[in-house]
Amino acid sequence: MSKRGICDKVAVIGMGCTKFAEHFDKSLDDLLVEAAYEAFNDAGIQPTDVQAAWFGTLISGYSGTTLSSALKTQYIPVTRVENLCASGSEAFRNACYAVAAGVYDIVLAIGGEKLKDSGFSGLVRPNPASDGTTPNITAPAAFSFLAPAYFKKYGLDADKGKEVLSRIAWKNHRNGALNPKAQFQREVSLEEISRSPQIASPFGVMDCSGVADGAAAAIIVRAEDAHKYRKDPMYVKALSIAAGPGDGRMRQDFDFTEIKENVAAASAAYKEAGIKNPRKEIHLAEVHDCFTATELVICEDLGFSERGQGWKDVLEGAFDLEGRLPVNPDGGLKSFGHPIGASGLRMLYEMYLQFQGKAGRRQLDNPKIGLTHNLGGHPTQCVSFVSIVGKELS
C-alpha cells in the first residue's frame, strides 16, 4: 500500500439497492436498471454524467456489455470484474481507485446476480482446472469445520456451541425483520433455529445464508467535489483485499479458528484508515455471515473480540443493534440471501443509510465510522475484502 493511500480521497454521493428476493418476474437487466437508477436519482445526476462503470458479478454475465446493454450506456468504458463472493466489493474498489487517480470525475460501481431461476438450488459454476486431487466439498461442509475447531479450542461443548451459533442467526433475522429490502423479514426463534434440519454438522438450515437475486450500486466522486452533489456524502477511509496462497489445507498449524486473509485485509485497512482500536473506533459493521460460525470467527479476525472471547460477546449481545458494536444491522446475508455480485455493495448501502439517518426502525445513534467485510472462497483459501467508510472527513 502506498503511503498516500485512499483515505478521504473519494466519496459516495448516491446509492441504490433492489430488494433481495426470488425475482422470478425480473431479469438481471431489470435488477441492474433498478439499482442504478435509484443511485442516479439519489445523487441527483443523469446517467449520461457517468464517465465509466465497473460491474461485479460471478456468473451472471461475462463482459462489460452485460451492463452496457442493460443501462444503454453510450460507449463509455465498462469493466466487468469477478473475485468470488467479493465481486461487488471489487467493483467498488476499482471504481474508487480510478476516481482517486484522477482518471474520471464521476463513476458507477454496481454488482448483481441472478440465481433463483437458473434451474439450480444454489450457486453453480465451473470449477477451475486442476489435477483431479482437489476435494469436492460443498460450501456448508467447508465452513462447518470452523465450528468444532472453535468449540474444542475454547472449551465449548456441543450444546453451548450450538447456542452461540443459533444466537448469531437469531440476531441477524431480528435485524432483517426491520428491513424492507431483506429477503426474509421475519424474526425466528432460537428454538426453531437450533432444531432446523442438519446440513453439515453442526450446521442446520438456519445456520446457512439463503440464495437470492439482487443488485446494488454506488456513485463515486472525488471527496472535494462531493458537496457539489449533496450535503451528506459517505467518505472512503480504506479499501483492502487479501487473496490467500491456498496452502491452508496442507499446513499443520491451520486450525480453522482463524481465517488469515481476514486478518491481513483488516490489518491493512486499519493502517490505511488510522484505526488503532477497532472495538472502540468502529461504530457498526457488515460482515460476510455466509454461515453462523463464519461470523463468529470473522468478529475475532477483525479484532471486534479477543481470541476465544467472541462467543461470550455473542451471548452477551455485544453485536446486537443495542450492543457496543452492532454487526449486520441490516440483517446480513442471513436475512438477505447472497446474490454474489451484489452483496458487497449491499453492505455499503447499509453504511450509507445509517450515516444519513435513513435506516428506519434499525437506525443506530449517530454512527460515524463503519466497516464492511466480504469474503469469497473457503476457510483454507479465500479472498477477503475490508472497507472502512465514514460520515465525515478526518
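For the range 135-162, a residue qualifies if it is under 18 Å from Leu315 (Cα atoms), outside any helix (DSSP H, G or I) and open to solvent by 50 Å² or more (accessible area, probe 1.4 Å), and the qualifying residues are Gly155, Asp157. For the range 300-316, the candidate set comprises residues that are without any contact (Cβ under 8 Å) to a residue 40 or more places away in the chain and more than 16 Å from Asn262 (Cβ to Cβ); within that set, the residue that is surrounded by the most Cβ atoms within 10 Å (Cβ to Cβ) is Asp313. Inspect the range 342-352 for any residue being open to solvent by 10 Å² or more (accessible area, probe 1.4 Å) and outside any loop (DSSP other than H, G, I, E, B) and give the result as yes or no. Yes, there is a match, as at least one residue in the range 342-352 is open to solvent by 10 Å² or more (accessible area, probe 1.4 Å) and outside any loop (DSSP other than H, G, I, E, B). If we scan the range 342-350, do we find a residue that is touching a helix residue (DSSP H, G or I) at 6+ places or on another chain (Cβ under 6 Å) and of a type in the set (Asp, Glu)? Scanning the range 342-350, I find no residue that is touching a helix residue (DSSP H, G or I) at 6+ places or on another chain (Cβ under 6 Å) and of a type in the set (Asp, Glu), so the answer is no. Would you confirm whether any residue within the range 318-326 is under 21 Å from Ala142 (Cα atoms) and touching a residue at least 60 places away in the same chain (Cβ under 8 Å)? The answer is no, given that none of the residues of the range 318-326 is under 21 Å from Ala142 (Cα atoms) and touching a residue at least 60 places away in the same chain (Cβ under 8 Å).
Within the option set Asp207, Asp253, Asp247, Asp213, being open to solvent by less than 10 Å² (accessible area, probe 1.4 Å), farther than 30 Å from Gly44 by Cα and acidic (Asp, Glu) holds for one residue only, Asp207.
Restricting attention to the range 380-394, the residues that are over 30 Å from Phe145 (Cα atoms) and in a strand (DSSP E or B) total 2.
Within the range 249-258, track down each residue that is touching a Ser or Thr at 6+ places or on another chain (Cβ under 7 Å) and at pLDDT 85 or above.
At the first step, the residues of the range 249-258 found to be touching a Ser or Thr at 6+ places or on another chain (Cβ under 7 Å) are 249, 254.
Once the filter is applied, which keeps residues that are touching a Ser or Thr at 6+ places or on another chain (Cβ under 7 Å) and at pLDDT 85 or above, the range 249-258 yields only Phe254.
Kindly check whether there is at least one residue in the range 361-379 that is in a helix (DSSP H, G or I), open to solvent by 20 Å² or more (accessible area, probe 1.4 Å) and not charged (D, E, K, R).
no
The residues of the range 273-299 that are open to solvent by 10 Å² or more (accessible area, probe 1.4 Å) and either acidic (Asp, Glu) or not in a loop (DSSP other than H, G, I, E, B) (or both), listed by number, are Ala273, Pro278, Arg279, Lys280, Glu281, Phe291.
If we keep just the residues of the range 88-101 that are over 18 Å from His373 (Cα atoms) and free of Cβ contacts under 8 Å to residues at least 60 places away in the same chain, which is most open to solvent (accessible area, probe 1.4 Å)? Among those residues, the one meeting the criterion is Ala101. In the range 1-87, counting only strands (runs of 3 or more DSSP E) that sit wholly within it, the ones holding 1 or more residues that are surrounded by 17 or more Cβ atoms within 10 Å (Cβ to Cβ), touching a residue at least 40 places away in the same chain (Cβ under 8 Å) and touching a strand residue (DSSP E or B) at 6+ places or on another chain (Cβ under 7 Å) span 10-17, 52-56. The set of residues in the range 316-370 that are closer than 18 Å to Glu34 by Cα and acidic (Asp, Glu) contains only Glu350.
The values are calculated or read from the model by the stated rules, or taken from the named source; none is laboratory data. These numbers come from a predicted model, not from an experiment. Here the Cβ is made from the backbone with ideal geometry for all residues, glycine too, and neighbour counts use every protein chain on show. With ligands, DNA and RNA removed, areas are computed over all heavy atoms of the protein, side chains included. Shrake-Rupley method; radii C 1.70, N 1.55, O 1.52, S 1.80 Å.
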